[in-house]
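**Q** Next up is a structure, given as structure tokens.
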Amino acid sequence: MKNSLLFMMLFVAFSLQAQEAVTVKFTAATEAGGYSPFTSVLVTDLSQGWITTLAYPDTTLVLSHSLVGVAECHGLNFQLGSAFPNPFKDHACVPLVLSEASEVSLQVIRADGTVVAAHDLRLDAGAHHVMVRLSTSGMSILRVTTAHGSSATRLVCLEGGTDDVRVVSKDGASGRGGNPGIFEPGDLMRYEAFYSVGGTTFHSAVVEQTQYNDETVTLVFPVGAPIGAIDGLYTINEDGGKVFFSKGNLQYNMNLGVWSFMEHQYDMVETLGHDVGQNYALQNMISLFGWSTSGYNHGAHCYQPWSTSSNYYDYHAYGNHEFNLYEQTGQADWGYNAIANGGDTEHLWRTLTTEEWNYLFELRDTPSGIRFAKAKVGEVNGVILLPDDWSGSFFSLNFPNVTNVYYENNSISMEQWDLIEQHGAVFLPTAGYRLGAEILNEGSSGHYWSSSRYNESRANCVSIFDSGLYPQAIDFVFNGFSVRLVQEAR
């Protein structure tokens with residue numbers, strides 16, 4: 001029971017002198033503007049030369065003219081600090097300060113209550129460092145006991161090695177130089193948050209500031225493009241939701257049963273006038289899909305990506321024409337699949353709704369005022385979407401945000417496209433469409449599914465023609481259209 005209570009501590013309290021203290025609370029956010037979880041905060045007093053770590057859910061730091069970052073130990077003859085680094089891979093060190101020479105018992109306890117390392121010894125008065133190693137990843141606690149009682153601090157191990165606990169140093173300045181945890185108002189402080197997930201640790205931007213007063217510090221994690229995505233952010237609704245686009249149109253390899261994104265944004269698979277055969281019997285690679293053909297047996301009669309039936313009732317998501325792709329289990333959406341070159345994990349990607357497509361093209365407010373431009377990239381016609389942070393200084397595009405102009409008004413060489421793409425631009429090529437087994441209009445029109453149904457026989461899509469562009473078009477669900485997936489900016 002005592003072990004369980006130690007794991008339910010909500011935050012660390014700090015030992016204070018009688019004088020006034022400064023309290024700093026930490027939150028985290030992403031560049032995209034949303035809340036971000038975090039695992040720990042590394043705190044450095046650059047003026048005094050000490051370092052400590054707060055491990056979530058401990059999010060409050062109290063600074064005073066005494067030892068900072070140590071657990072409150074009323075009636076005890078010692079103070080136990082926070083582990084550094086935390087989380088850790090090889091080992092972590094925990095400061096321990098004794099007010100008098102004592103017999104000390106050290107125990108490392110896993111979350112299930114198992115004691116995995118222990119060491120009993122006598123320590124002199126003063127500051128010491130306790131080094132902890134763990135053989136398994138996960139959360140544990142270091143419990144320190146003297147004749148006056150016990151205290152504990154939490155540890156998060158990312159990569160196990162050997163179970164061990166020992167005292168590795170004793171000094172009067174915490175082994176880091178300067179005063180051990182002494183704070184003076186006006187000290188220059190450095191804060192950095194960490195978030196560990198799936199074996200990967202992300203770092204926030206560093207905040208350095210002089211600290212005089214109580215405040216809440218928000219540490220911001222940069223939003224990087226996920227695997228398989230173009231490095232550009234796109235706002236898709238009035239609430240500020242943002243997404244990354246996949247680096248190419250979706251394709252499916254029938255022989256291997258593998259979903260992937262095309263290597264280049266301008267790539268296309270099917271060719272004009274080609275007969276792919278019933279259920280793609282004459283072609284292995286597929287990139288023009290009937291609506292809801294994700295490959296998951298979600299209830300539609302034609303749920304396989306190679307389906308070429310021309311009966312609209314074969315393509316009802318979840319077996320009911322009233323459902324959108326994103327409803328029920330979500331498995332009718334192609335993005336539910338593990339994409340081989342897009343993270344290879346289920347449920348990372350999705351298809352935009354018709355409202356989101358329309359917001360991108362028609363309503364999105366960007367600093368440059370430029371949202372899209374029709375263009376010819378190399379020999380491929382299509383439309384270029386520009387990210388939220390696009391600047392006209394990157395490249396000058398003719399007739400931005402105009403739908404009824406010809407592709408040739410922006411004839412872009414492959415070298416120019418490389419430059420534009422580096423700034424996060426998305427290109428939707430005119431891959432045509434498939435009617436039954438026949439490929440039509442490849443090179444002159446492009447059609448991209450949304451996840452939104454319209455009625456019993458139709459769904460919404462984006463339709464691109466030489467003479468027009470329609471973000472909320474409506475077409476038959478049995479048509480084979482292109483799919484361009486997105487992933488939420490997290």
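**Q** Being closer than 25 Å to T430 by Cβ and within 23 Å of the chain's Cα centre (by Cα): is that true of T351 here?
**A** Yes; evaluated as a whole, the condition is true for this residue.
**Q** Just wondering, is there one or more residues in the range 420-427 that are assigned by TED's automatic domain parsing to the domain that holds F476, surrounded by 22 or more Cβ atoms within 10 Å (Cβ to Cβ), modelled with pLDDT of 95 or more and in a strand (DSSP E or B)?
**A** Yes, the range 420-427 contains at least one residue that is assigned by TED's automatic domain parsing to the domain that holds F476, surrounded by 22 or more Cβ atoms within 10 Å (Cβ to Cβ), modelled with pLDDT of 95 or more and in a strand (DSSP E or B).
**Q** I'd like to verify a number: residues in the range 319-349 that are under 22 Å from S482 (Cβ atoms) and assigned to a helix (DSSP H, G or I), how many?
**A** Here the count works out to 3.
**Q** If you take the residues of the range 340-351 that are modelled with pLDDT under 95 and crowded, with 20+ Cβ neighbours inside 10 Å, which of them is farthest from Q265 (Cα to Cα)?
**A** The residue in question is L348.
**Q** Looking at the range 351-401 only, could you name the residues that are assigned to a loop (DSSP other than H, G, I, E, B) and among the basic types (K, R)?
**A** Selection gives R364, R371.
**Q** Could you name every one of the strands (runs of 3 or more DSSP E) located completely within the range 234-277 that has at least 2 residues being touching a residue at least 60 places away in the same chain (Cβ under 8 Å) and of a type in the set (A, V, I, L, M)?
**A** Qualifying strands (runs of 3 or more DSSP E): none found.
**Q** Read through the list (1) over 24 Å from A473 (Cβ atoms); (2) among the polar types (S, T, N, Q); (3) modelled with pLDDT under 95, then give the number of the only condition that T366 fails.
**A** (1)
**Q** Of everything in the range 255-267, what is farther than 19 Å from G343 by Cβ and at pLDDT below 95? Give them in sequence order.
**A** Hit for the range 255-267 is N255, nothing else.
**Q** Only one of T23, T30 is modelled with pLDDT of 65 or more, surrounded by fewer than 16 Cβ atoms within 10 Å (Cβ to Cβ) and among the polar types (S, T, N, Q); which?
**A** Answer to the check: T23.
**Q** For P429, indicate whether it is touching a helix residue (DSSP H, G or I) at 6+ places or on another chain (Cβ under 9 Å) and touching a residue at least 24 places away in the same chain (Cβ under 8 Å).
**A** no
**Q** So which residues in the range 327-355 are more than 18 Å from Y234 (Cα to Cα), among the polar types (S, T, N, Q) and in contact with a strand residue (DSSP E or B) (Cβ under 7 Å, 6 or more places away or on another chain), if there are any at all?
**A** N337, N341, listed by residue number.
**Q** Looking at the range 60-81, which of its residues are modelled with pLDDT of 75 or more and under 17 Å from T27 (Cα atoms)?
**A** Of everything in the range 60-81, those that are modelled with pLDDT of 75 or more and under 17 Å from T27 (Cα atoms) turn out to be T60, L61.
**Q** If we scan the range 84-92, do we find a residue that is at positive phi and modelled with pLDDT under 80?
**A** The answer is no; no qualifying residue exists.
**Q** Now, a different point. Mind listing whichever residues of the range 404-437 are over 14 Å from I230 (Cβ atoms) and charged (D, E, K, R)?
**A** E408, E415, R434
**Q** Hey, could you check the range 256-312 for residues that are under 15 Å from L440 (Cα atoms) and of a type in the set (D, E, K, R) and say which is surrounded by the most Cβ atoms within 10 Å (Cβ to Cβ)?
**A** E270
**Q** Also, I was wondering about something else. Exactly one condition in (1) modelled with pLDDT of 95 or more; (2) within 23 Å of the chain's Cα centre (by Cα); (3) surrounded by fewer than 15 Cβ atoms within 10 Å (Cβ to Cβ) is false for D239; which is it?
**A** D239 satisfies every listed condition except (1).
**Q** So, one more: Taking strands (runs of 3 or more DSSP E) that fall entirely within the range 98-141, which contain at least 2 residues that are exposed (fewer than 14 other Cβ atoms within 10 Å of the Cβ) and out of contact with any Asp or Glu (no Cβ under 7 Å at 6 or more places or on another chain)?
**A** Passing ranges, in order: 115-123.
**Q** Take the residues in the range 474-490 that are part of a loop (DSSP other than H, G, I, E, B) and touching a His at 6+ places or on another chain (Cβ under 9 Å), then tell me which one is surrounded by the fewest Cβ atoms within 10 Å (Cβ to Cβ).
**A** Going through the qualifying residues, I end up with N479.
**Q** Looking at the range 142-194, which of the residues that are among the small types (G, A, S), crowded, with 18+ Cβ neighbours inside 10 Å and not in a strand (DSSP E or B) is modelled with the lowest pLDDT?
**A** The extreme case among them is S174.
**Q** Let me ask something else about it. Among the residues of the range 391-417 satisfying the criterion of being without any contact (Cβ under 8 Å) to a residue 40 or more places away in the chain and either aromatic (F, W, Y) or not assigned by TED's automatic domain parsing to the domain that holds E379 (or both), which is surrounded by the fewest Cβ atoms within 10 Å (Cβ to Cβ)?
**A** F399
**Q** Since N455 meets every condition but one in (1) in a strand (DSSP E or B); (2) closer than 16 Å to G290 by Cα, which condition does it not meet?
**A** Result: N455 fails condition (1) only.
The values are calculated or read from the model by the stated rules, or taken from the named source; none is laboratory data. This structure is a prediction, so every number in the text was calculated from the model and none was measured. Cβ: placed from backbone, ideal geometry, glycine included. Neighbour counts: every protein chain shown.
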